[in-house]
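Report on the structure given below.
Readers should treat all values here as calculations from the given coordinates under stated rules, not as data from a laboratory. All figures in this text were calculated on a predicted structure; none of them were measured in a lab. A quick note on method: Cβ atoms are made from the backbone with ideal geometry, for glycine too, and the neighbour counts reach across all protein chains shown.
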Amino acid sequence: MPIQAPESPGKRILLVEDEESFREVLQLGLEPEGFRAVTVSGVHEAKALLQGSTFDAVVSDLRLKDGSGIDLLVWIKGQGLETPVIIMTAFATTETTVQALNLGAVDFLTKTKNDLQELTKVLKGLYAVPQSSPPGPVSDIGDLVGVGDKMRRIQALVGKVAIADTTVLITGESGTGKEIVARLIHRYSERAKGPFVPINCGALPESLLESELFGYERGAFTGASAAKRGLFEEAQGGIIFLDEIGEMPLPLQVKLLRALQERKIRRVGANEERAIDVRIIGATNQNLRARAEQGAFRQDLFFRLNILHIELPPLRERPEDLPVLADHFLARFGQKLNKPTMSLTDEAMAALRRYTFRGNVRELENLMERCVALNSGGPIGVELFPDNILAETNGPQSVAPPQPCPLPEEGFDLEAYLNAYKGHLLRQGAEKCGGNRTKAARYLGMSFRAYRYWLQELGGLETLPPACPRPEDFPPKAPPEGEGDA
């Protein structure tokens, strides 16, 4: 039954908050909106009041001195009370958001500068919309941390997507956390007890990718001395995660489409199909819709994958999450390396805010691990940052006007020079990534297939120039016969 619209002097709200100043701000701010807030500072006081009095809603902080808002929520539901519960926190993660919603909270709000406005909006909404409790508690895992509106919406969306047993497409730049989201969907879904099987579609050649995905029969090709189950069969009852799905060759896309439509696969060299019970999650940093319109990706497969879509924003579009993420990673690596809790100096945090994280959250995570490993005690300052970050974040400096690239007077062979320069960058990328070509391709912003193609075209990694080539090292070729001045 919907609750009736608020009447003067207002609906009674039990506000559970251990920070006195914030508690008073909310209490005073709710009154003009038609709500009377009774305030307490902890779980025990809240339970005592709820046992002897009736409230129209409970608003509780997540972290309290004598427990948590989740503890209070579980107790309220255990008492059979139908009082709507709203959880607020300054530190939201997907697991806490989904846990609160699945245990019956009507909303999970992040403390921001608009917290009073958001809380008022939710409380007013309670009097027009009946509330229901999503089923099933979940466990705490995950690194999808954020306090801003964008991440809060994604955290809640992950919980809803997890419950719906259908195909998901996760998009976003490299390093934004696509696999983390896929694993969270698996953990919170009904397939949580089944396997989670990831594969990078851009890291394998077409022939090997097909046999890895669908398996093969004995004698299907040279070296197939015994039959082998593919990853679709390995993922039976669970989820298969197809990372970089935009790199999948077109012929294999046809087989994947059939697996999605018919829930059947055929091993390489087999005459019969096998039924599968697998949920598919695809991920890509490409614009699949645009690629489908260009004919580089099958449109019918795109529409089958795009049933549920989660787009992850780059870190530069969520600056409010930067301090929270940094603290999160510092705490995690401090525990991992058995070091005390660390924090960033104001100067270091200001530098991070000025830096463009092209590698997104993954780059920030790696940076925080480096800082924890190198820090010998005390707050972490900019002296522990690598040179590339310092160069970008040293503040405004006088910059000399760009100078033209010096070219030899007699001219040079531009095509040969560009090939050599490209080869030099390919080699540099491989060396920077410790010889791992998959990582090198990702570092250079290209697919593994394209990286491998250029290596082959240019004669192999060992033949590529270690030093940056110079135009004067490539004298001009004679023009083809018959070509004159234009």
- Task: Give me the lysines in straight-line cross-link reach of residue 264: C-alpha distance below 24 Å, same-chain residues under 8 apart excluded.
- Result: 193, 228, 255
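Find the relative contact order for the chain and round it to a whole percent, using C-alpha pairs within less than 8 Å whose residues are 6+ positions apart. List each step's numbers first, then the result.
Working: 784 pairs, mean separation 51.6, N = 486.
In percent, rounded to a whole number, it is 11.
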- Matching label, percent of Cα pairs over 45 Å apart computed from the structure shown, candidates (i) 48; (ii) 14; (iii) 30: (iii)
- Message: Can you tally the net charge around residue 279? Count Lys and Arg as +1, Asp and Glu as -1, for every other residue whose Cβ sits under 9 Å from the Cβ of residue 279.
- Response: -1
- Task: Would you mind counting up the charge near residue 381? Only other residues with Cβ under 11 Å from its Cβ, with Lys and Arg at +1 and Asp and Glu at -1.
- Result: -3
- Message: Using 0.36 nm times the number of residues separating residue 452 and residue 66, minus their current alpha carbon distance, what extension gain do you get?
- Response: 133.2 nm
- Item | Cα-projected label distance for residue 262 with residue 227, points at 7 Å along beta-carbon direction, nm | 1.8
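Which net charge results when you count Lys and Arg as +1 and Asp and Glu as -1 among the other residues whose beta-carbon is under 13 Å from that of residue 297?
Numbers: positive: 289, 291, 298, 304; negative: 244, 247, 293, 300.
Neighbour charge sum, excluding residue 297 itself: 0.
Subtracting the Cα-Cα distance from 0.36 nm times the residue separation, let me have the gained length for residue 277 to residue 338 in nm, one decimal.
On the way: separation 61, 0.36 × 61 = 21.96 nm, distance 4.26 nm.
Stretched fully, the residue 277-residue 338 segment lengthens by 17.7 nm.
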- Once normalised by the length of segment 414-473, the mean sequence separation of its alpha carbon contacts under 8 Å that are 6 or more apart gives a contact order in percent of 47
- For the chain, the longest principal axis of the Cα atoms and the Cα long axis of helix 250-262 enclose an angle in degrees, to the nearest 10, of 30
- Computed label-point distance, nm, for sites residue 470 and residue 207 using a 7 Å Cα→Cβ extension: 4.5
- Backbone N within segment 262-288 under 18 Å of label point (7 Å from residue 167 Cα along the Cβ vector): 262-266, 274-288
- Item | Mean residue ellipticity (222 nm) of the chain, computed from DSSP H runs ≥ 4 via -39,500 (n - 2.57), nearest 500 | -12500 deg cm²/dmol
- Item | For residue 270, residues with placed amide H under 5 Å, excluding near neighbours | 217
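Among 273, 363, 17, what is the fewest-to-most ranking by other Cβ atoms within 10 Å? Intermediate results must be reported in sequence, preceding the final value.
Working: 273 14, 363 17, 17 24.
The most exposed by this proxy come first: 273, 363, 17.
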- Whichever aspartates and glutamates have a C-alpha closer than 20 Å to that of residue 439, once near sequence neighbours (fewer than 8 apart) are set aside: 173, 179, 206, 243, 244, 247, 363, 365, 369, 431, 457, 462
- Which value, in Å³ per residue, describes the convex hull spanned by the Cα atoms of segment 240-314? 97
- Message: Just want the ordering: 232, 302, from fewest to most Cβ atoms lying within 10 Å of their own Cβ.
- Response: 302, 232
- Message: Students often forget the sequence filter, so: which lysines lie under 26 Å Cα-Cα from residue 432 once same-chain residues fewer than 8 apart are removed?
- Response: 178, 336, 422
- With +1 at each Lys and Arg Cβ and -1 at each Asp and Glu Cβ, the charge dipole magnitude of segment 315-393 around its Cα centre, to the nearest 20 debye, comes out at 240
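When 30, 305, 337 are ordered from fewest to most other Cβ atoms inside 10 Å of their Cβ, what list results? List each step's numbers first, then the result.
Values: 30 21, 305 26, 337 11.
Exposure proxy ranking, most exposed first: 337, 30, 305.
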